[in-house]
Every structure is written in structure tokens, then in C-alpha cells.
Amino acid sequence: MTEKVSKKRKVEENINVEENQKRATDAGLWFEDGNIILIAQYTPFKVHRGLLSRKSEVFRDMFTLPPPESPNKCDLMDGIPIVHMSDNWEDLSIVLSVLYDGQAFFGFQQQIIHFQTIAALLRLGHKYGLTELEQEAIARLKRLFPTELDDFFDEYTGSKYDRDNRSLCCPDSKIHLKSSDAVEAINLARTYNIPSILPSAFYICSRLPINLLVKGVPTLGSRVSRNMLSRADLVRCLEGQIELSRRYVLRWETLHEAIGKGSCIDTKLCLSSKLEWAKEGHRAWQYQDAIGCCLLDSDWATSGRSQELLCDGCDGKRESLWEKFRRETWNDLSVIFDLQNNKARGT
Ligand SMILES: [Zn+2]
């Protein structure tokens, strides 16, 4: 009975392997002269044992060690040995592509790639001892989620930011991402110990709809699960949302208080338009969100109206105070998201 079940499963697997072989062919990872077949989630890749062994000791050991007891490990396809992998087939496809066509991903030939590619390079680069790929992935993540506000990419700090979970492109790291990819970035930072990316990744996460944070971000391709924050990180994110909103309101009040005082050179104008100017701020809040407003550049609430409503002295004060506030917020992200127990930022 057990033998029958085993044979039936093997036949089904073979059918799946044939159906899925097209994926490898389409990805350019089915080499007629290949001498090892890696199968991940029924998707076979016919590649070269020597090349993979040269890049990774883990692969080398995998190909040279005697196969375990499991009969599945001893299979052949067209006389070529098969190795069953536990990885996601898309991740494996990405890593194999980089191993064969790596020049497209490094150095001056860097091209813009998707966040999922970076995630795959980090996961499998770490797992298979592909140090160069792992380090490249970490370097790009650090540029994407920097420790300095001035390095944080414009889409998040410019006054035209759109809150929707749309695709963004960070030119410095040459990565396309969606805001919701920050959830996976936090999980990668936790798993692979990259604490410096956490504050800005949490900031991006905190702007996601709560529904998405709680239910998780649907994953692409063959992954059926959702990317979710751990329970502790979800609490950090939600509490950070509340704290950022609170700080925004407090800072707006401070700005409002400062108008018409000190360096004001036209008290009559400024005091009479104080209310109107405050409405501008609330209008901006309606179009953005309090959390997003916390880091927006100092042009965010002006649109020409500030200079019209305030004297030069008050307008200058508004700008310098706002700049001070946004930098304080950035520097406090570790506190706001309760990340103090991680190592110092920049590590
Ligand atoms: Zn004034």
C-alpha cells in the first residue's frame, strides 16, 4: 500500500515537473548541457554543478555528500541527478539568474530591481553562503532605509507624497518597492540582524492602512501566505502611529503659537491671518496624514499661501521651526517605535 502511494506520488510529481519545466526555460535556467537538476516547488532548473559548487560551499557539500535515506533524494531525470530544494521556486530562480548573469546586478552596471529580488538574494544568499549576494542585498537595503534623514528618498519626504500603496522607486538603492514591502523589510532585519534599517522601515509601515498591517500583506507568485509583522512589532507600529500623530498636533500648536511674536515684522497682518494660516495646515493634513506630515519638507504647508499670509519674519520662523521638528522626529524614530533595545543606529 505504502509502495503504491509512493509510486502514485512520484508519477504526479513527474507530471508537475514537466509542466513546470517551462518556468525554468522561460527564465533561461534550463541548460541542455547542465549536469544537475534542482527542484523547488516542482519547478526544475537544469544547471551546472561546477558553477554552483564554485560559488557556494553549501552547494558543493550538497552535491558531494551521499544522498540521505529518502528515496526522493536519489531520483534521476533523463539520467541527471536531482536535488530537491526546500526553497520557494521564484527565490531560487532569482538567485540562479544572478549567479549566471551577475554582472547586471553589481558595480556600474547596477540596474533597478524589485524589492522581492533583494529579499530573495538576502534569504538564499545567507542560506547558501553566497556572501557576495548577501552583502549586496544588505547594502541596498541600508540605502533604501537609511539612518540619515537627508538620505531618505524624496517620495517619502517631498510635499507630493501619495499615501496609497503604490510602487515607488528609490534611485539611491536602485530598488522598486511598494510601501507594504516595509513589512518584509522589518522581518528581514529581525531575521538577519540588520537593526539600522528598522527605524525608517517602521516609519514607512506606520503609514500603511491598519487593515493591511493587521491582516498582513498578500505575497506574490507562488507564496500563499501573507507577510505579517510579529505581534510585538505590530504593537510597536500601531503605538508609533499614535505617537507620531500626537507629535504632529503638538508641533502644529507650537508653530501656531509662534506666529505674530518675536521676529514678526507685521503683527497686524500675521495676527489677523493666523486663523487662515492654521486652516492651511489642517487642509494639508487632510490631503496627507499626520504621520506623513511629520517628515515632509518645510514646503509642505506653503503652496505660496504662507508668504501671502505671513510676514517674512514669521514665514522664516515657520520654516526653521518645521525643519527642526522634522529632524527631531527622524532622530526619535527609535524611541517612537520602541526600538531602543536594538543596537545603536548606524550599526
Ligand atoms: Zn509676522
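Taking amide H positions as modeled 1.01 Å from N, with prolines and chain starts lacking one, the residues under 5 Å from Asn227 and 5 or more places away or on another chain are Val217, Thr219. Between the amide H of Asp75 and those of Ile82, distances stay under 5 Å, these residues lying 5 or more places away or on another chain, with hydrogens modeled in the peptide plane.
Taking amide H positions as modeled 1.01 Å from N, with prolines and chain starts lacking one, the residues under 5 Å from Asn35 and 5 or more places away or on another chain are Val47, His48, Arg49. May I ask for the net charge around Glu257, where only other residues with Cβ less than 12 Å from the Cβ of Glu257 are counted and Lys, Arg are +1 while Asp, Glu are -1? Summing Lys/Arg as +1 and Asp/Glu as -1 gives +4. When peptides 118-125, 235-242, 80-87 are ranked by their average number of other Cβ atoms within 10 Å per residue, the highest-first order is 118-125, 235-242, 80-87.
No lab work stands behind these numbers, since they all come straight from the coordinates. From a predicted model like this one, the values you see are computed outputs, not experimental measurements. Using ideal geometry, Cβ is built from the backbone for each residue, glycine included, and neighbour counts are taken over all protein chains shown.
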